[in-house]
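There's a structure below that I have some questions on.
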Amino acid sequence: MKQTLIRGKLLLDGTGKPAIDGGGILIEGERIVCVGKTEEIMQRADPVQVVDLSGQTLLPGLIDCHNHLSLDPRLENYLHRMADPIAALTLRACETMQIDLRSGVTTSRCLGDKGFLDVECKKAVSEGRIEGPRLLIATRGIRVSHGHGFVGYPFDGVDQMRVAVRENLMRGADVIKFYATGTLKGEGNITSFISKEEIEVIIEEAHRAGVRTAVHCIGGIGLRWCIESGVDSIEHGYFISDEEINLLAKSKSWLVLTPSIFLTDARIQTLPPELIEGHYQQRELATERMTAAIKAGLRFGVGTDGMHGGLAKEIEYLTQMGASESDALMAATRSAASVCGLEKEIGTLEPGKLADIIGVEGNPLKDITSIGKLRTVILNGKIKHSNCNKRTAS
Ligand SMILES: [Zn+2]
């Protein structure tokens with residue numbers, strides 16, 4: 001098969017190894033053949049095509065660990081807009097997928113959408129009928145009747161939980177998403193809407209099918225129950241206590257941070273009016289607790305929670321909360337691949353992995369905002385977006 005050399009200025013393979021000056025990637029079809037100095041690759045191989053990105057830093061494609069296709073904070077009252085007709089939500093998803101892809105997101109883990117629209121979007125993307133990142137989907141988010149979850153559906157009691165998980169799996173869920181808590185902290189302890197028994201059944205059903213579980217949880221007793229029941233990722237963790245940080249550190253669960261809901265003014269302002277004040281009031285505490293989680297050395301990934309095109313900004317927030325540039329980048333590459341269970345396929349630029357590559361201006365290890373200066377997106381070895389690159393046949 002024909003091989004293509006992608007020539008960069010600098011290459012960060014995402015494994016934590018030092019950057020390669022004059023680095024390049026040899027690809028064949030959708031996979032990486034080798035990574036190294038361009039000159040050395042040229043001596044060993046005879047690529048039919050060279051993609052010249054020699055002004056750019058090459059990195060692994062970004063992975064959004066927590067997304068929703070049809071949630072769109074550009075809309076006024078955007079949480080309530082999840083009640084729009086499914087057709088409208090699906091059209092919205094078609095647009096947001098393009099925005100995500102063009103911002104460098106090559107894999108998107110979607111943790112709940114309406115009407116199984118994510119099933120159809122995933123099919124359309126994988127069949128090449130529509131542009132978008134590779135999708136991992138949760139189908140219906142599972143919440144209890146009196147609990148939080150604008151993108152979820154209500155189920156109550158262990159029997160309904162069992163059926164909900166099984167139906168989601170039947171429809172093609174790659175991950176099971178459920179809700180334990182709200183997003184804002186009330187007075188006193190953080191309550192869990194869902195019972196321990198319901199949590200156990202959800203996780204047991206998913207794990208028996210070999211599928212991971214992700215829980216919307218800001219902290220409190222629900223976090224403890226989820227960890228004890230073996231949940232694979234705690235989503236958000238905005239108000240995680242020191243004690244809960246210790247609990248999480250001893251477990252195999254990941255923390256997926258989604259800072260923009262508390263840190264981006266534009267996003268808070270399009271929340272339903274009754275929620276705006278609370279987000280401003282709790283911004284400082286949420287920032288402090290996310291910072292504590294990062295500084296404690298927890299394993300973390302990062303997601304936009306539907307802030308489409310904004311993953312670079314979420315990564316930047318991580319550095320503001322104490323993460324090193326390298327760890328912040330890994331939260332959307334190598335660590336993110338592990339959150340998704342796809343560490344053998346994506347997340348780093350290594351031989352045999354899928355050729356998901358982005359090219360940016362500058363070196364993100366020195367200036368994290370360079371991830372936002374995106375020039376090229378390559379998904380499965382195909383250029384999906386390019387800004388000022390020139391291609392030369394050799
Ligand atoms: Zn979410």
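How large is ³J(HN,Hα), in whole Hz, for each residue of the range 180-190 in order, when computed from phi with the Karplus curve 6.51 cos²θ - 1.76 cosθ + 1.60 and θ = phi - 60°, using x for Gly and Pro?
After applying 6.51 cos²θ - 1.76 cosθ + 1.60, I find 9, 10, x, 9, 8, 8, x, 6, x, 5, 7 Hz.
Can you tell me the relative contact order of the chain? Whole percent, Cα pairs under 8 Å, sequence separation 6 or more.
That works out to 21 percent.
Picking from Ala164, Ala87, Ala249, which is most flexible by a Gaussian network model of the chain using Cα springs under 10 Å?
So, out of Ala164, Ala87, Ala249, the one fluctuating most is Ala87.
Please calculate the 1.4 Å probe accessible area of Glu205, with all protein chains present, and give it to the nearest 10 Å².
Its heavy atoms expose roughly 10 Å² to the probe.
To check my understanding: the extent here is largest minus smallest coordinate of the Cα atoms along each principal axis. What are those three numbers for the range 153-279, in Å, largest first?
41, 32, 23
On to the next question. Determine which lysines satisfy two conditions relative to Lys37: a Cα distance under 25 Å, and not lying fewer than 8 residues away in the same chain.
Within the straight-line cut-off, Lys37 pairs with Lys2, Lys9, Lys17, Lys344, Lys353, Lys366, Lys373, Lys382, Lys384, Lys390.
So with the 1.4 Å probe, I'd like the accessible area per residue for the range 62-340, rounded to whole Å².
37 Å²
Still on this structure, please answer the following. Sorted by accessible area with a 1.4 angstrom probe, largest first, how do Leu248, Leu365 fall?
Leu365, Leu248
Let's test this: bin the Cα-Cα distances of the chain at 10 Å from zero up to the farthest pair and state each bin's percent.
P(r) for the chain, in whole percents per bin: 5, 24, 33, 24, 10, 3, 0.
Based on DSSP H runs of at least 4 residues, each adding -39500 (n - 2.57), what is the mean residue ellipticity at 222 nm of the chain after dividing by all its residues, to the nearest 500 deg cm²/dmol?
-9500 deg cm²/dmol
Measuring from centroid to centroid over Cα atoms, what is the spacing of the range 316-392 and the range 123-189 in Å?
Using only Cα atoms to place each centre, the spacing works out to 27 Å.
Only bridges with both residues in the chain count here: give the DSSP antiparallel percent, nearest 5.
Of those bridges, close to 45 percent are antiparallel.
For the range 338-347, what does the Karplus curve 6.51 cos²θ - 1.76 cosθ + 1.60, with θ = phi - 60°, yield as ³J(HN,Hα) per residue in whole Hz, taken in order and with x for Gly and Pro?
5, 4, 7, x, 10, 5, 7, 10, 9, x
Divide the volume of the convex hull of the Cα atoms of the range 24-166 by its number of residues and quote the answer in cubic angstrom per residue.
148 Å³
Evaluated at 25 °C with a viscosity of 0.890 mPa s, what Stokes-Einstein diffusion coefficient in µm²/s does the range 246-394 have when Rh comes from the Kirkwood expression over alpha-carbon pairs?
Estimated via Stokes-Einstein, D reaches 145 µm²/s.
Pick from Gly186, Gly14, Gly372 the residue whose mean-square fluctuation is largest in a GNM of the chain, springs joining Cα atoms under 10 Å.
Among Gly186, Gly14, Gly372, the largest GNM mean-square fluctuation belongs to Gly186.
The values are calculated or read from the model by the stated rules, or taken from the named source; none is laboratory data. Keep in mind the model is a prediction, meaning the values are calculated, not measured. These accessible areas exclude ligands, DNA and RNA; they are computed on the full protein's heavy atoms, side chains included. Shrake-Rupley method; radii C 1.70, N 1.55, O 1.52, S 1.80 Å.
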